[in-house]
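The values are calculated or read from the model by the stated rules, or taken from the named source; none is laboratory data. This one's a predicted model, so the numbers in the text were calculated from it and none came from an experiment. Here the Cβ is made from the backbone with ideal geometry for all residues, glycine too, and neighbour counts use every protein chain on show. Quick note on the areas: whole protein, heavy atoms, side chains included, nothing else; ligands and nucleic acids left out. Shrake-Rupley method; radii C 1.70, N 1.55, O 1.52, S 1.80 Å.
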Amino acid sequence: MAKIVVLGAGVAGHTAASYLQRNLGKEHQITVVSPSVNYQWIPSNIWVGVGRMMADDIKFDLRPLYKKWKIEFLQAKAINFYPEGDAILQEGYVEVEYTSSEKSGVRQKIPYDFLINATGPKLNFAATEGLLPGTGNIASVCTFSHATEAWQLLQEKIKKMEQGEKQVFVIGTGNPTATCQGAAFEYILNVDFEIKRRGLDALADVIWITNEYELGDFGMGGAFIKKGGFVTNTKLFAESYFVERNITWIKRAGVKKIDEHKIYYENLEGEYLEQKYDFAMLIPGFSGHGFKAYDKRGSDISEQLFAANGLMKVDADYTPKPFEEWSINDWPQTYQNPSFPNIFAPGIAFAPPHSISKPMKSKNGTPIFATAPRTGMPSGVMGKVTAENIIAWIKTGNPQMVHKASMGKMGAACIVSAGYGMTKGTAATMTVSPVVPDWDRFPDWGRDINFTMGEPGLAGHWLKWAMHYMFLYKAKGKPFWWLIPE
Amino acid sequence: MENRLIITKYSDQYYPPSPTSFTLFWRRFIPFQLIRFFVLNWKIIRIVVKGHT
Ligand SMILES: Cc1cc2nc3c(=O)[nH]c(=O)nc-3n(C[C@H](O)[C@H](O)[C@H](O)COP(=O)(O)OP(=O)(O)OC[C@H]3O[C@@H](n4cnc5c(N)ncnc54)[C@H](O)[C@@H]3O)c2cc1C
């Protein structure tokens, strides 16, 4: 019997657990550890944040499903890793602390034969002074509860505009090296859509603030797409989207501090500037969860498992090299830890070898650029590939890692909602193939120009809406869920 | 486009292309968007399937 422990029940972790239970016999034990009992379909947080969906529409309780699938579920969070065990327990284990009300604070050792760390990012609000959602005029859409609060705050601002008071909405990145620009981009477009739908646009200034060197960078160095008889850059695409809506922007900005009425940022020119606001939704920096790892004598071996940002080291090439020498071969394919081959880290939990966008520093030496995104589709694929490799290892006894998924080979699709509605809604369907540009394979544009696109239109909204129901259907393990691709 | 009138000249916002009413029409024209819906679906599925081995 093999014991497989999955940390995290998000896109990567839940996908891995689903395929493990489907393909392994009942003699093997699968345990999922997650601090929340809910699975949430994060991309739809955007619609919760503008009141078009409720939190209950985008999440569900995992416990009945795991019970049906005979997966053990622990409502707890991982804290420490003991990949060699310790003096008492002579096998690899992870120390968890329960978060459920009945057992809150209780710690337990969970032994494993295989460990999947799919704990995603720590939303590092503390890295930016004053950036705490739910305080003052600051919102977030990173979780369903944040998005619910964002909608409450947005309603207050809408009421003020209805009473004739002008409001400034600032949305974007809240840390000099934040990622996930796509989510903020969607939110600003949806907020703008809701303001216009209510005829309040004359009373709203909507401003995009970003650490991107140019708009449309999205942490992947931008992309080339075919548009109107030209091959153009996503910079033009993103700017055009904003110009069409009278949204203005501040780029190359590293937000350092925020108080109730002002955002303080430094730009690449090294200037320290301020922006007034009445409503701000700024994506925080992401980091690892601060896990510690120990060997069997109790010595700290965290450096073997985790990179400096706290994310887990995998089969990437972490040798520091200049931007010009970066290649797709630096990117991991199996998400296996090099020191402990029975530990894997799919999804945002793995430490990327470097960013995809070119790292930039301000004249004062502050790094200001978008770090590498790892969106839902690649995270799901990584979760599946990890499960497939573990299944093959258990069934054959041979750790050959035949299943591979590199961000330098796989593509990603991100449907950027820009307004909700079956006839009046709109979204830009953005695809890149591959995520990390491969200049050897595609010397002209870095990516497959036929499968890298940005197309605005009503069809995009239908797609995003259909994906919401389709991916929740899949996550709920309804009949034939496995036929739905990641 | 009327948006241009309120954009300060020589600012970043002054230069990017704005969609014409013709372009906006196609973005909302349901029969055309239905076709695009299927085309986009096919492209996305192809990307997912080809992305891993
Ligand atoms: C607002 C928003 C919109 C987005 N929209 C899109 C989109 O349209 N398309 C797209 O492709 N991507 C989108 N993304 C990105 C996408 O949500 C992420 O790429 C994806 O969720 C990453 O999956 P993951 O499994 O790595 O992490 P997560 O989904 O964050 O899952 C992490 C899991 O780990 C658990 N966990 C945390 N700490 C611990 C611990 N100590 N121990 C155990 N478990 C722990 C968490 O509770 C959670 O269950 C969006 C993101 C945001 C924030």
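A few remarks follow.
- Here the accessible area of the protein assembly as shown is 55 percent carbon and sulfur, with a 1.4 angstrom probe and all protein chains present.
- Projecting the Cα atoms of A:Phe323, A:Met281, A:Ala308 onto the dipole axis of segment A:277-350, where Lys and Arg carry +1 and Asp and Glu carry -1 at the beta carbon, places A:Ala308 farthest toward the positive end.
- Modelled FRET efficiency - R0 35 Å, B:Tyr15 with A:Phe480, Cβ distances, 0.05 increments: 0.10
- Dividing the mean sequence gap of close Cα pairs (under 8 Å, 6+ apart) by how many residues segment A:248-305 holds gives a relative contact order of 18 percent.
- In the full protein context, segment A:186-247 carries 33 Å² of accessible surface per residue, based on a 1.4 Å probe and ignoring ligands, DNA and RNA.
- Reachable lysines from A:Lys196, criterion Cα separation under 17 angstrom, eight or more residues apart if same chain: A:Lys157, A:Lys159, A:Lys160, A:Lys166, A:Lys424
- Taking the Cα centre of segment A:244-300 as reference, the dipole from Cβ charges on Lys and Arg (+1) and Asp and Glu (-1) amounts to some 300 debye.
- Per-pair calculated FRET efficiency, R0 = 25 Å: A:Ile79 and A:Ser100 via Cβ, rounded to 0.05: 0.95
- A Förster distance of 30 Å, applied to the separation of the beta-carbon atoms of A:Lys424 and B:Lys50, puts the FRET efficiency at 0.30.
- Close amide H pairs (under 5 Å, H built 1.01 Å from N) link A:Phe73 with A:Val32, residues at least 5 positions away or on another chain.
- Full-stretch length increase - A:Asn450, A:Ser327 - with 0.36 nm per residue and alpha-carbon distance subtracted: 42.1 nm
- Of all DSSP bridge pairs formed entirely within the protein assembly as shown, close to 55 percent run antiparallel.
- Violating pairs (Cα-Cα greater than 24 angstrom) within the set A:Lys384/B:Lys43; A:Lys358/A:Lys409; A:Lys3/A:Lys59: A:Lys3/A:Lys59
- Segment A:425-486, relative contact order [Cα under 8 Å, separation at least 6], %: 34
- Charge dipole (Cα centre; +1 on Lys/Arg Cβ, -1 on Asp/Glu Cβ; no other charges) of segment A:162-249 amounts to roughly 260 debye.
- Chain B against chain A buries an accessible area of about 3100 Å², both chains summed, 1.4 Å probe radius.
- Selection from A:Val5, A:Ala372, A:Ala202 lying farthest towards where the dipole of chain A points positive, charges on Cβ: A:Val5
- Cα-centre dipole for the protein assembly as shown with unit charges at Cβ (Lys and Arg positive, Asp and Glu negative), debye to 20: 1460
- Among A:His28, A:Phe344, A:Ser140 - extreme Cα towards positive end, dipole of chain A, charges at beta-carbon: A:His28
- Taking the chain by itself as reference, segment A:242-257 contains these residues with an accessible-area loss of 30 Å² or more in the full protein complex (1.4 Å probe, heavy atoms): A:Val243, A:Glu244, A:Asn246, A:Trp249.
- Note on A:Lys26 and A:Ser299: the model spin-label points, each 7 Å out from Cα along the C-beta direction, lie 4.6 nm apart.
- With a simple spin-label model that places each label point 7 Å from the Cα along the Cα-to-Cβ direction, the separation between A:Asn398 and A:Lys196 comes to 5.8 nm.
- Placing a label point 7 Å from the Cα of A:Trp439 along the Cα-to-Cβ direction, the residues of segment A:321-357 whose backbone N falls under 15 Å from that point are A:321-330, A:355-357.
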